1. Taking K and R as +1 and D and E as -1, what net charge do the other residues with C-beta under 13 Å from the C-beta of G148 add up to?
2. Hey, if we sort W40, W79 by accessible area with the 1.4 Å probe, largest down, what's the order?
3. Throw me the Rg/Rh for region 116-237, computed over C-alpha atoms with Kirkwood Rh, two decimals.
4. Taking the full set of protein chains and a 1.4 angstrom probe, give the accessible area of Y178 in square angstrom, rounded to the nearest 10.
5. Would you please give the FRET efficiency between N84 and I43, computed as 1/(1 + (r/R0)^6) with r the Cβ-Cβ distance and R0 = 35 Å, to the nearest 0.05?
6. Which ³J(HN,Hα) values in Hz, rounded to whole numbers, follow from the phi angles of region 161-172 under the Karplus curve 6.51 cos²θ - 1.76 cosθ + 1.60, where θ = phi - 60° and Gly and Pro get x?
7. In whole angstrom, how far apart do the alpha carbon centroids of region 121-186 and region 34-60 sit?
8. Where does each of D235, D191, D200 land when they are ordered by accessible area, with a 1.4 Å probe and the largest first?
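The values are calculated or read from the model by the stated rules, or taken from the named source; none is laboratory data. Fair warning: this is a prediction, and the values are worked out from it, not measured in the lab. Heads up, the Cβs are rebuilt from the backbone with ideal geometry, glycines too, and the neighbour counts pull from every protein chain shown. Areas reflect the complete protein model, heavy atoms only, side chains present, ligands, DNA and RNA absent. Shrake-Rupley method; radii C 1.70, N 1.55, O 1.52, S 1.80 Å.
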Amino acid sequence: MSTLLTPPTAEPAASPEAPPPAAPPHRRRWTRAILPAYSWLVIAYLVFPIAIMIVYSFNQSAGGLPQVSFAWNGATLRWYRQWNQVPGLTSAFWLSIRLAIASAVFATVIGTLLALALVRYRRPQFRGKALVEQTLFVNIAAPEIVLGASLLGLFVSMNLARGFFTLLVSHVMFSIAYVAITVRARLAGFDPSLEEAAGDLGAHPLTTFRKVTLPLILPGVMAGALMAFALSIDDFV
């Protein structure tokens, strides 16, 4: 009876919620090191020939130029002091640089505009879109020697003088596909409402492209330009 008449005691104040217990440290498995180790082995496999070439560029040779030999005859800086004495090397180097810069500029402009057209316009507005896309991938898949021989035959049949102009046309031609696909990948996540908002605020289409579209796709454009420059330096077929 006394227990029934006893006033209920006040419940203790709720304590602040305690943080969850820290998770036990997960034991690192040796299998997690397989993919990084494999990646580093592939990188080492690709870099090893370049490293060997750099090391043997300091090799002393009895001839006028470094001989293709693995015999080490002593270290020297002779070949780096005489690099500009190789016949035709300096002119070929500056020709490659001028050609790479020019082709990268033209290919970047044309490839960027082509990527914008492929992303923005559908088939009713862009007739032949599927054909253009297939042509881009065929251009990438075709071997460089095939493109070089085909373009040479084209220039000969058209009686065009082979020189810097034909080289520029060829390098721009096979670089456009790489630039267009790179910029197109960047445009895949582009929000068109940003351009619509700029237009609603009275911005001219060129102003919208310069201040809204181009800054957002600039990483893809720069990546395409660098790829076009590297392709031009690499492929002189």
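1. Details: positive: R162; negative: E144, D234, D235.
Cβ neighbours under 13 Å give a net charge of -2.
2. Values: W40 175, W79 30 Å².
Order by accessible area, largest first: W40, W79.
3. Working: Rg = 17.7 Å, Rh = 16.6 Å.
My calculation puts Rg/Rh at 1.06.
4. 50
5. Details: r = 33 Å, r/R0 = 0.93.
Using R0 = 35 Å, I get an efficiency of 0.60.
6. 5, 6, x, 5, 5, 5, 5, 5, 4, 5, 5, 5
7. 33
8. On the way: D235 15, D191 75, D200 130 Å².
The residues order as D200, D191, D235, largest area first.
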